[in-house]
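Data first, discussion second: the structure below is written as structure tokens.
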Amino acid sequence: MRVVVQNDKNTAKGRVGLRAALAGVTALAAAAVASGCTQTGPGASAHPAPGQQAARAPAAARALDTYATRLRAAYAARAAVARRWGLSQVPLAAPPPPSHKPRITARKGFEVDEQEELNLPPVFTTVPTHDKVVFLTIDDGNEKDPAFLRMMRDLRIPYSAFLSDFLIKDDYAYFRTMRSLGVTLDNHTLHHPYLPGLSYEEQKHEICGMQDVMEKQFGRRPTVLRPPFGNYNQDTLRAAKACGIRYAPIWDEEVFVDHWEYREGDQHLHPGDIVLTHFRGPAEWKGTMADMVRRFLAKVTAEGYAVARLEDYL
């Protein structure tokens, strides 16, 4: 049986874009006002006499002006939060979730025997999309940093957490808070073993057992599994399917507190890439989860990407 092994391993531009958008809105508003107030010739409306109240701008112009005001306020608030958390650029906002979900298939070379015949959960590193988005995924649950929760809440950066019970059971409440903030909690097995080294039944226990924990502690059985270390075989995906798993994403890039690692030789982000990191802190990193987020957002934003929610595309 073949075993698949993967190593575990806004900006000035944003402000220019906002100014351009606002300039366009202002121009449209001016055009709307002009069309209603500057006609000449027969049938033209008379200007108000001195002392009379000027006519109000057309409804379309008022709506555009209100929209422009909201855009400015939203950007200003986002910029203030970015500064507060030490970001050099304002993160880009993700587009709305796709109305039609992309079809997810196993990445070429990442299939197992009878992948399609058995309709097994696909293993993939990138979601097929033209949206310039990437997906942040965080594994295991070892570090439980309250500042990280506040940072991601304030910045409104979506991410998915892949949890292992042996690392989260000392503080389920931390991850309940995470869930209450809109984060999707997914399956990363009970004990984070090397799954291909286990029998089918042992793998099923690791995966289904974590499903039971997730339902009991967080009220939901996930449909997404990340096999530990990115290692799996056919038994892994058969067991996952039996436990209610539909997708088995791994990753295309991994971000640490002080560097990035890449699966592809070009060392660039691509639309739909899945980015891996871990719940880690000063005990293992030369920095904090917040430092990792700053490094992650610096590259993502500089390359013109927004961060989207993985499950919105599945």
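I want the local charge near V213. Using Cβ-Cβ distances under 9 Å, sum +1 for each Lys or Arg and -1 for each Asp or Glu among the other residues.
On the way: positive: K169, K216; negative: D165, D212, E215.
Value of the local net charge: -1.
Is any residue of the range 226-251 close enough, with backbone N under 13 Å, to a label point placed 7 angstrom from the Cα of E202 along the Cα-Cβ axis, and if so, which?
Answer for the range 226-251: 236.
With the cut-off at 28 Å, tell me which of the pairs K132/K241; K132/K216; K108/K204 have Cα atoms farther apart than that. Walk me through the numbers on the way to the answer.
Details: K132/K241 30 Å; K132/K216 36 Å; K108/K204 25 Å.
In this structure, K132/K241; K132/K216 lie more than 28 Å apart at Cα.
Roll a 1.4 angstrom probe over the protein heavy atoms and tell me the percent of accessible area of the range 166-264 that is carbon or sulfur.
Numbers: 1860 of 3840 Å².
Here it works out to 48 percent.
Compute the signed sum of charges (Lys and Arg +1, Asp and Glu -1) over the other residues within less than 12 Å, Cβ to Cβ, of M151.
+2
Taking 0.36 nm per residue of separation and subtracting the Cα-Cα distance, what length does fully extending H191 through W260 add? Kindly include the intermediate steps, with their values, before the conclusion.
On the way: separation 69, 0.36 × 69 = 24.84 nm, distance 2.63 nm.
Extra length available between H191 and W260 comes to 22.2 nm.
For the pair A63/Q267, report the inter-label distance in nm, with labels modelled 7 Å from Cα in the Cβ direction.
5.0 nm
How many angstrom separate the Cα center of the range 297-314 from the Cα center of the range 113-140?
16 Å
Round to a whole angstrom and tell me the spacing of the C-alpha centers of the range 87-107 and the range 198-256.
Here the answer is 23 Å between Cα centres.
How large is ³J(HN,Hα), in whole Hz, for each residue of the range 144-158 in order, when computed from phi with the Karplus curve 6.51 cos²θ - 1.76 cosθ + 1.60 and θ = phi - 60°, using x for Gly and Pro?
My calculation for the range 144-158 gives 10, 9, x, 5, 4, 4, 5, 4, 5, 5, 5, 7, 6, 9, x Hz in order.
When we measure straight from the Cα of K286, which aspartates and glutamates land under 12 angstrom away, once same-chain ones fewer than 8 places off are left out?
D258
List every residue whose amide H lies under 5 Å from the amide H of L163, counting only residues 5 or more places away in sequence or on a different chain, with H placed 1.01 Å from N in the peptide plane.
HN-HN under 5 Å from L163: D140, D186, N187, H188.
Could you list which residues have their amide H under 5 Å from that of R221, counting only those 5 or more apart in sequence or on another chain, with H placed in the peptide plane?
none
How many Å² of accessible area per residue for the range 185-229, probe 1.4 Å?
Dividing the accessible area of the range 185-229 by its residue count gives 39 Å².
Calculate the translational D of the range 183-314 in whole µm² s⁻¹ from Stokes-Einstein, where the hydrodynamic radius comes from the Kirkwood formula applied to all Cα pairs, the temperature is 4 °C and the viscosity 1.567 mPa s. Working shown, then result.
Details: Rh = 16.2 Å.
Once the numbers are plugged in, D ends up at 80 µm²/s.
The values are calculated or read from the model by the stated rules, or taken from the named source; none is laboratory data. Note that the structure is predicted; figures quoted are calculated from it, not measured. For neighbour counting, all protein chains shown are included, and Cβ atoms are generated from backbone atoms with ideal geometry for every residue, glycine included. Just so you know, the surface numbers come from the protein's heavy atoms only, side chains and all, with ligands and any DNA or RNA stripped out. Shrake-Rupley method; radii C 1.70, N 1.55, O 1.52, S 1.80 Å.
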